[in-house]
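Take a look at the structure set out below.
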Amino acid sequence: MQHDGYTLSEYNTDNKDDNKLDKSNNSSALRAAKKCSEFALAKFPSLLEFLGYTFCFSTCLVGPSFEFSHYLSACDGSLHYITIAEKDGTKAKRLRGKSIPSNLLPTLLPLLKCIGLIFFASIFDRYCNYRRLVTPWFFELTAKQRFFYNWITNFIQRLKVYFTWSFAEGANNLWYAGFDGYDRETGQAKGFTTACGAEIWNVETCESIRQGTKAWNKKTSQWLLRYVYIRNKSRLGIVYAVSAIWHGFYPGYYMLASMVWLISQCERLGRAKISPYFSEKKWSLYSIACMLSIHSVGGCYATTAFFLRSWENVMDNWRAHHFCGHIVCVVFYLAVSQLPTPQLKQKHLGTTLIHEKKRDTNVPALQSETSSQGTHDLDMLKLERKHS
């Protein structure tokens, strides 16, 4: 996968000519080339550079935490310094920003997080270990008890994964590989988020699969977005298939991928036909209902397949829940698909066109100063909704 990431970065370099892409009528390749142009490589790296990236500590531990171009800039110092040619023909290095920020806190905070995560995981894992999800003791519990135990066990297992990502994040920040660089206008340091593997709070309070996957395993999600999702006309099925292959060949990975795809289809349908009628605020009643639903079907039921791995274990666990996750998704999709799709509401305030009822708060509301520009924005919004 690291090799694939490098190859596709080089592919971006070879396709910088937008005219050639337009003539070939390959809109997906054009969109991908523009999206990934900042990560493209100007030349092939040496064997030592490539192997250094492939066997970098964080890469071996949790997969590539950053693009190959970022790795090179951290190694050769160009992340902090820029080479400028002087009038006398000599070259001098100058700092890109005002000053190199301290990496003390960005390194210590992930370490403290690791200590807390492994402490709680080690205490509760003896009581909530995923191996107990397929034991006779588990099958003898009532339906409510099995559901609750499944929920808690999956949460404890996620703590272990958070530990690994936090450990890799601190290791990268130690040598500035997790540094975001400097603002081009102000010269201020942007921060240390490049090597962040997961946003724990956002994962545990997500309202949708879309939000959850963006906050969970962020680096892999970004890789899949840049090199699979955009290049394959936003086909989620291909994305989840590649993700499953990336993790390995245990049947549980593919069972989870198929379940997540099914949940995603229901989510897209619900966002189009139900969400426009409700408030888009984070902790509204609708938001809480979505949160509980996605964690019940996704975080509690579906993700068990990731930890159990084998076909027999996953089927035994899902059978103990009477395949409720699959049934809920199928019934939801069949029922909601019969509902009419609400029209996109528009309000004309003078010459300003404001589009309302956008469920995804990550995309700001579109505004325009003229009615003609407003029509263009509306078309762009529909395109965004199509790919969301």
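Hey, rough spin-label estimate for L141 and L111, points 7 angstrom out along Cα→Cβ, what's it come to in nanometres?
A separation of 3.8 nm, rounded to one decimal place.
What does segment 235-313 give for Rg and for Dmax, in Å, if only its C-alpha atoms count?
14.6, 42
Which of K190/K214; K34/K281; K113/K219 have a Cα-Cα distance over 24 Å?
K34/K281
For the peptides 37-45, 145-153, what is the packing order when you average, over each peptide's residues, the other Cβ atoms within 10 Å and list the highest mean first?
Per-residue Cβ counts within 10 Å, averaged per peptide and sorted highest first, yield 145-153, 37-45.
Based only on Cα atoms, what mean projected area does the convex hull of segment 120-253 have, in nm²?
11.6 nm²
Sort E67, E140, E185 by Cβ crowding within 10 Å, fewest neighbours at the top.
E185, E140, E67
Compute the Cα gyration tensor for segment 190-239, then decide on rounded, prolate or oblate, letting a ≥ b ≥ c be the square roots of its eigenvalues: rounded whenever a/c is under 1.5, prolate when a/b is larger than b/c in the other cases, and oblate in all that remain.
Oblate, because a/c is 1.5 or more while a/b does not exceed b/c.
List W318, W165 from most exposed to least, where exposure is judged by having the fewest other Cβ atoms within 10 Å.
With the sparsest Cβ surroundings first, the list reads W318, W165.
Between segment 244-316 and segment 60-137, what's the alpha-carbon centroid distance in Å?
28 Å
Which of the peptides 296-305, 245-254 is most tightly packed, and how do the rest follow, going by the mean number of other Cβ atoms within 10 Å of each residue?
296-305, 245-254
Skipping prolines and chain starts, which residues have an amide H placed within reach, meaning under 5 Å, of the one on Y81, given they are 5 or more residues away or on another chain?
Excluding prolines and chain starts, which carry no amide H, the hits are R96.
Using Cβ contacts closer than 10 Å as the measure, can you line up S293, S99, S65 from fewest to most?
In order of increasing Cβ crowding within 10 Å: S99, S293, S65.
When the chain is fully extended, how far beyond the present Cα-Cα distance does E199 get from R184, taking 0.36 nm per residue of separation?
Contour length minus the Cα-Cα distance gives 2.8 nm.
Bear in mind that the values in this text are calculations on the coordinates, not laboratory data. Here the structure is a predicted model, which is why all the values come from computation and not from measurement. Here the Cβ is made from the backbone with ideal geometry for all residues, glycine too, and neighbour counts use every protein chain on show.
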